[in-house]
1. Can you tally the net charge around residue B:36? Count Lys and Arg as +1, Asp and Glu as -1, for every other residue whose Cβ sits under 14 Å from the Cβ of residue B:36.
2. Pairs of alpha-carbon atoms within less than 8 angstrom and 6+ residues apart define the contacts here; what relative contact order does segment A:150-229 have, in percent?
3. Based on the Cβ-Cβ distance of residue B:15 and residue B:64, what FRET efficiency does E = 1/(1 + (r/R0)^6) give at R0 = 22 Å, to the nearest 0.05?
4. Per DSSP H run of at least 4 residues, take -39500 (n - 2.57); add these up for chain A, divide by its residues and hand me the 222 nm value, nearest 500 deg cm²/dmol.
5. Please enumerate, by chain and number, the lysines with C-alpha under 26 Å from the C-alpha of residue B:20, excluding those fewer than 8 residues away in the same chain.
6. For helix B:52-62, what angle does its Cα long axis make with the longest principal axis of chain B, in degrees from 0 to 90 and rounded to 10?
7. Check cross-link reach from residue B:46 to the aspartates and glutamates: straight Cα distance under 12 Å, and skip same-chain residues fewer than eight apart.
8. On a C-alpha basis, how far is the centre of segment B:20-44 from the centre of segment A:46-72 in Å? Whole number, if you could?
Amino acid sequence: MSDSKLKFGVVVFPGSNCDHDAYYVLKEILRQDVRFLWHKEKSLEEVDVVILPGGFAYGDYLRCGAIARFSPIMNQVVPFARHGGTVVGICNGFQILCEAGLLPGALLRNAGLRFICQYVNMRVENADSSFTSQCKPGQVLQIPIAHGEGNYFVDDATLRRLEENKQILFRYCGPDGSVTPEANPNGSCANIAGIMNEQGNVMGMMPHPERAADPVLGHTDGQLIFRSLIDRLLQREAVHNHLIIERS
Amino acid sequence: MYVAKIIIKLRRSILDPQGKAVHHALESLDMRAIHDVRIGKFIELKIDSHDEREAGRLTEQACKQLLGNPVMEDYSFTIERI
């Protein structure tokens, strides 16, 4: 890791279609090191952050993410995550993380059965995570969704655990931040739009921050999520380096 | 050789919007006696094995590891000799 840049790896599954958007935003807008990681690769090339992008990996056959989780690259991603490596799953990536058991729950067919492609409001529930540190608590972000299976489901006991551990990062809400059934586009349990694991190093979200990051497109709220990560991880690295210098 | 016939359904506690939509359509066809519809998946596996129990064990493993997601689905299957 250099002083000012993180190294991102964007995984490309057959059927990924937001891989280039994520790559473009990280490289051209946020000026980070980025590389694509083909799903057959057996190494993560020492990246700091793995992005599982949106799309329809393996045609969403069987269930969304069900086949992708057995891709060769996932044999690297799972231990990377289990050892504290940072992993972000966006849309189809979120579905893959759930199927792989790195995040709890599952994503069902939208309650209204329709594929939904629109801007939504989502409220930041926990602004103290690696993925949200640049947001204010309760801040409402405008970020688009585009999915047919985004209806987050989890059993009651796990939902309580998610709430207690502050693992719910984003909830669908109205423009004023009110979390109501009307603001829930897909029937998600407790209006959940994004969660992280208990350790706080794996995050999955249905909205697409990479589609709301280039000012040319009019919305830049998505940048906050990537900027949070960059800021947190570079800070952690700086502290780590400082400790090494002190000890030597 | 055996064939495993697997049925995968959304768990009872989970709302099945697809089933609900089909139910509404059946209602509009005046089939009022039908009061619930659940939609699932049917999967057939052909298994090279001489042992029915072995074929069952393999099917169980396939269901657990890939074909069903225990968070949201239940599965059941039968094994037939072919």
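1. Numbers: positive: B:9, B:12, B:20, B:32, B:38; negative: B:16, B:27.
My count for the surroundings of residue B:36 gives +3.
2. Details: 97 pairs, mean separation 18.8, N = 80.
Relative contact order here is 23 percent.
3. Values: r = 24 Å, r/R0 = 1.10.
E(calc), rounded to 0.05, equals 0.35.
4. Details: 5 runs with 57 residues, N = 248.
Value at 222 nm, helices only, nearest 500: -7000 deg cm²/dmol.
5. B:5, B:9, B:41
6. Result, in degrees: 60.
7. B:80
8. For segment B:20-44 versus segment A:46-72, the Cα centre distance is 32 Å.
The numbers here are math on the coordinates, done by the rules we state, and not lab data. Small disclaimer: the values here were computed from a predicted structure and weren't measured. FYI the Cβ positions are ideal-geometry reconstructions off the backbone, even for glycines, and counts take in every protein chain you see.
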